[in-house]
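Working notes, beginning with the structure itself.
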Amino acid sequence: MYIPHSRPYFGQVHIDAVQHVITSGVLAQGEATHALELNLQRQLSGQEVLAVDSGTSALMLAIRALSKGKQHPRVGIPAYACASLLFAVKNSGGIPVLMDCNANLTLDAKQAHHTAKDLDILVLVHPFGMIEPLVAEHFDCPVIEDIAQSAGAIWQEKAVGTFADVCIGSFYATKPWGGAYGGFISSKDESLIQSISKMTNPDQADLQQDYVGHHQLSNIHAALAQVRLDHADAEQQQRQTWVTRYHEILANYSSVTPITGIQGNHFRYIIHSEQTAKDVIQTLQQLGINAMRPVQQPLHHASSDANCPQADEAWQYCVSLPLLHDMNEQEFSLLQQGLATCFKP
Ligand SMILES: Cc1ncc(COP(=O)(O)O)c(C=O)c1O
């Protein structure tokens with residue numbers, strides 16, 4: 001038996017959706033893309049939405065739009081996050097400023113406020129299905145809220161993605177709203193979304209613009225994301241039942257702590273253990289369980305002068321266990337066995 005870390009479901013409904021697009025004869029941007037934008041607009045309290053080719057592009061374009069002519073804006077990003085963030089900042093011409101996390105894997109609030117005084121843009125990520133509570137706080141610079149991993153979560157009776165100036169997300173296959181590839185940008189500020197839209201289609205661009213790329217989301221990708229969105233709430237509830245089961249088992253192991261933070265959409269199940277992540281992952285993989293590090297490498301390792309000790313600690317000791325919405329009892333008993341092999345009660 002092999003348990004993958006992610007297992008997006010694809011079935012007849014996806015085949016039908018893609019077939020519909022192919023038969024329509026319009027595979028690039030069109031009807032399905034606009035339908036997806038409208039669906040997201042409903043999920044995000046009526047904010048304007050622009051679908052694009054990836055979450056990384058969404059972030060890069062949002063940074064460009066918020067830079068206000070500054071060629072090299074200073075952009076704050078979490079150090080314990082996916083590498084796409086670092087590259088999105090670099091691809092926008094920005095200077096990444098890495099910020100450390102706390103034990104819950106959200107940002108260290110004091111340090112974030114201090115660092116933000118010297119930033120042009122701050123990116124707040126809701127990490128691994130949890131909530132980044134700093135989105136409810138005031139910062140002097142514009143804030144981008146990244147909901148790639150916590151899409152669909154509600155906090156303080158508001159959808160995540162509606163707290164900050166701009167929100168970005170991803171339709172990458174393994175994400176909670178994933179189809180195959182894609183991303184989106186959303187904001188209450190219509191003119192900002194319009195200015196970003198002008199950066200996404202070279203065929204219709206003003207030749208004087210500094211930056212334009214082919215960043216539109218295709219009808220095929222939009223159709224796949226749309227089907228996933230239709231199932232996202234049900235998948236979230238199914239994951240939640242497995243979270244409860246994980247909690248029950250892990251209560252027996254004093255050397256392991258689940259990282260729960262403020263729960264958003266139960267996207268990932270992350271543990272912190274006394275054993276190194278390398279050892280835990282190796283043992284589980286030998287049993288056919290594909291546990292992974294929550295991030296492949298902390299982003300401050302890209303710069304020689306950044307110091308983020310909590311991100312280093314998380315990298316050493318945190319592991320993401322498979323949390324599959326359609327997991328079965330047989331798979332879960334293998335996971336149970338895996339945990340019993342790794343940890344002493
Ligand atoms: C928090 C976060 N933001 C943005 C992205 C980028 O999204 P995409 O893979 O669609 O480019 C990712 C991707 O892994 C992510 O985890």
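Computed from the coordinates by the stated procedures, all read-outs in this text should not be read as laboratory data. Given the structure is predicted, the values throughout are model-derived calculations rather than measurements. Quick reminder, even Gly has a Cβ in these numbers, built from the backbone with ideal geometry, and neighbours come from all protein chains shown.
Checking every one of the chymotrypsin sites (Phe, Trp or Tyr not before Pro) in the range 1-90 against DSSP loop status and a limit of 15 other Cβ atoms within 10 Å picks out Tyr2, Tyr9, Phe10. Expressed per residue, the C-alpha convex hull volume of the range 163-322 stands at 183 Å³.
Note: relative contact order over the range 232-342, using C-alpha pairs below 8 Å and six or more positions apart, is 33 percent. In plain terms, the residue of Val256, Val280 with the fewest other Cβ atoms within 10 Å comes first and the most crowded comes last, giving Val256, Val280. The lysines within cross-link reach of Lys344, meaning a Cα-to-Cα straight distance under 28 Å and a gap of 8 or more places when in the same chain, are Lys278. Span-like helix criteria (full DSSP H runs; alpha carbon extent of at least 15 Å along the helix axis; mean Kyte-Doolittle hydropathy of at least -1.0) are satisfied in the chain by 12-24, 31-43, 55-66, 219-250, 329-342. The simple spin-label model puts a point 7 Å past each Cα toward its Cβ; for Tyr2 and Ala234 those points are separated by 2.7 nm. Antiparallel beta bridges, as assigned by DSSP with both residues in the chain, represent about 60 percent of the total such bridges. Its residue count N sets the reference 2.2 N^0.38 Å, and the alpha-carbon radius of gyration of the range 232-342 equals 1.12 times that reference. Take the Cα of Arg42, step 7 Å toward its Cβ, do the same at Asp279, and the gap between the two points is 5.1 nm.
Per residue, the average separation of C-alpha pairs within less than 8 Å and at least 6 apart gives the range 12-227 a relative contact order of 28 percent.
Most tightly packed first, judged by the mean number of other beta-carbon atoms within 10 Å of their residues, the peptides 268-278, 24-34 read 268-278, 24-34. Calculated FRET efficiency, Ala35 to Thr260, Cβ-Cβ distance, R0 = 41 Å: about 0.70 to the nearest 0.05. Residues Met60, Met292, Met199, Met1, ranked from the fewest to the most other C-beta atoms within 10 Å, line up as Met1, Met292, Met199, Met60.
The alpha-carbon of Lys70 sits under 24 angstrom from the alpha-carbons of these lysines, leaving out residues fewer than 8 places away in its chain: Lys90, Lys117, Lys188, Lys198. Shape class for the chain: oblate, because the ratio a/c of the largest to smallest gyration tensor axis (alpha-carbon atoms, square roots of eigenvalues) is 1.5 or more and b/c is at least a/b. Of the peptides 144-155, 186-197, the order by per-residue mean of other Cβ atoms within 10 Å, starting with the highest, comes out as 144-155, 186-197. Remark on Cys318: its backbone amide H falls under 5 Å from those of Ala277, a criterion applied only to residues 5 or more positions apart or on other chains, H modelled at 1.01 Å from N.
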